[in-house]
1. Could you list which residues have their amide H under 5 Å from that of Glu78, counting only those 5 or more apart in sequence or on another chain, with H placed in the peptide plane?
2. Which aspartates and glutamates, if any, have their Cα less than 14 Å from the Cα of Lys57, not counting same-chain residues under 8 positions apart?
3. Excluding residues fewer than 8 places away in the same chain, name every one of the aspartates and glutamates whose C-alpha is closer than 18 Å to that of Lys201.
4. So what's the net charge close to Ala369: Lys and Arg +1, Asp and Glu -1, counting the other residues with Cβ under 9 Å from its Cβ?
5. Rounded, prolate or oblate: which fits region 39-98 when a ≥ b ≥ c are the square roots of the eigenvalues of the alpha-carbon gyration tensor, with rounded for a/c under 1.5 and prolate only if a/b beats b/c?
6. Considering only the other residues whose Cβ falls under 12 Å of the Cβ of Lys57, what net charge follows from Lys and Arg at +1 and Asp and Glu at -1?
7. Treating only the Cβ of Lys, Arg, Asp and Glu as charged (+1, +1, -1, -1), what charge dipole size does region 286-375 show about its Cα centre? Round to the nearest 20 debye.
8. Once amide H atoms are placed 1.01 Å from N in the peptide plane, what residues at a sequence separation of 5 or more from Val245, or on another chain, have their amide H within under 5 Å of its amide H?
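The numbers here are math on the coordinates, done by the rules we state, and not lab data. Everything quoted here is computed from the prediction, not taken from an experiment. Quick reminder, even Gly has a Cβ in these numbers, built from the backbone with ideal geometry, and neighbours come from all protein chains shown.
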Amino acid sequence: MIRTAYLVALGLAVSPIIGCSGAASEPVVESSKRPGEEIRLSQEQVERIGIELLELKTATLSRVNESTGWLEVPQGGEVVLRAPVAGFLAKAGNGRLPVLGEKVPKSGPCAVVQMFLSPLEISQLVVAKEDADIQIQQSQVTMQLAEAQLRRLKDAPNAVAGTRVDEVRDLYERSKIALFEAREKLPFLVSEPYDKSIPLKPVNLTSPISGVITQAHAVDGQLLLQGDPVWTIGDWSTLWLRVPVFEGDLAAVRRDAPAFVRYSRSGPAKECAPVQFPVPTKPLTRTIDVVYVVDNRDGAFRPGQALVVGLPLAGQTDAVVVPRSAVVYDTWGTAFVYVQPEPQEFVRRRVELGPPTAAGFPIVHGVAAGEVVVTTGAAALHAEESKSTLAVEDDD
């Protein structure tokens with residue numbers, strides 16, 4: 001069964017150096033106490049640091065299980081732009097080829113392919129061009145003859161209307177259609193005079209999606225066959241997060257509730273919405289992937305990256321929650337908060353953090369409801385404590 005897993009959050013200690021405007025002899029930390037155990041500050045120092053306090057209370061939270069998920073590009077989020085015809089890759093109208101990391105708009109011209117023709121294909125185009133010319137000339141001659149016959153029949157005073165007139169008109173209309181169709185072929189055929197290099201209209205390469213070029217498979221001037229890859233274009237603004245869950249534990253996961261991922265151990269939790277579609281069970285692991293949509297417009301994540309995910313579970317639990325600003329980390333990644341047992345007195349307290357929520361970190365162990373913690377200025381207190389530690393070491 002899924003248990004609510006609570007991990008000790010890791011991170012880097014934030015230790016800004018806060019200057020003191022008071023006299024050099026004024027003690028910042030009470031020297032009779034061991035560094036890291038208790039800090040006493042004057043009211044002036046408290047105001048200068050800007051310390052803000054909060055009395056902790058118990059909150060009712062949804063149960064969360066921490067797991068690991070992997071990011072991937074959603075369907076249709078990555079395409080391989082391929083050469084539509086055989087030819088040489090050339091620059092588009094802007095005079096350069098796109099490079100890795102460049103953003104490409106949807107339907108925007110990326111490059112052109114100058115078509116390459118073999119001698120056999122050239123001869124076939126020449127034959128097709130000659131056939132079109134012959135058809136045009138024959139149609140024009142037939143139309144002229146038909147028009148002349150119709151004029152004679154019309155001007156003859158003793159002419160009798162009959163099937164002959166209808167046949168001539170039908171011949172004229174057929175020749176007119178043949179002339180139109182032959183002229184329609186000309187823009188797609190070669191032009192005279194014929195030589196060894198027959199120029200054809202270049203074929204544009206356009207991207208079907210808006211995205212970033214993640215791979216380049218060809219260079220300027222390279223000969224491409226039809227279907228050869230040119231660029232891989234990915235739209236990473238939205239990613240899918242796959243979280244494997246055992247078959248027997250799937251019922252405990254709330255499929256209609258969002259999950260939470262983090263940019264960093266100490267960063268804010270990012271909400272991601274669930275994606276509902278049937279997913280088969282993996283035979284070897286007996287797990288099912290629960291899929292969520294991650295908004296990645298800021299580019300913080302990348303496909304293949306593993307993230308710590310807070311999966312929402314059925315049921316609720318009571319826990320003490322501290323804001324993220326109250327949590328500070330030392331150089332070993334240990335999380336702690338500063339508790340105020342007495343006015344102007346602060347004690348560093350090590351804590352175990354649960355999976356982050358929108359309100360902050362639930363506390364597994366370390367502080368209890370009713371205690372007062374520092375929510376603003378905890379990093380400055382850590383800096384003051386570090387200065388005292390260095391002073392004691394220098395005296396020794």
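1. Asp235
2. Asp318, Glu371
3. Glu121, Glu184, Glu192, Asp220
4. On the way: positive: Lys57; negative: Glu55, Glu371.
Taking every other residue near Ala369 into account, the sum is -1.
5. Working: a/c = 6.68, a/b = 2.30, b/c = 2.91.
Oblate, since a/c reaches 1.5 and b/c is not below a/b.
6. -3
7. On the way: 7 positive and 9 negative charges, 58 e Å.
It comes to approximately 280 debye.
8. Amide H neighbours of Val245: Ile288, Asp289, Val290.
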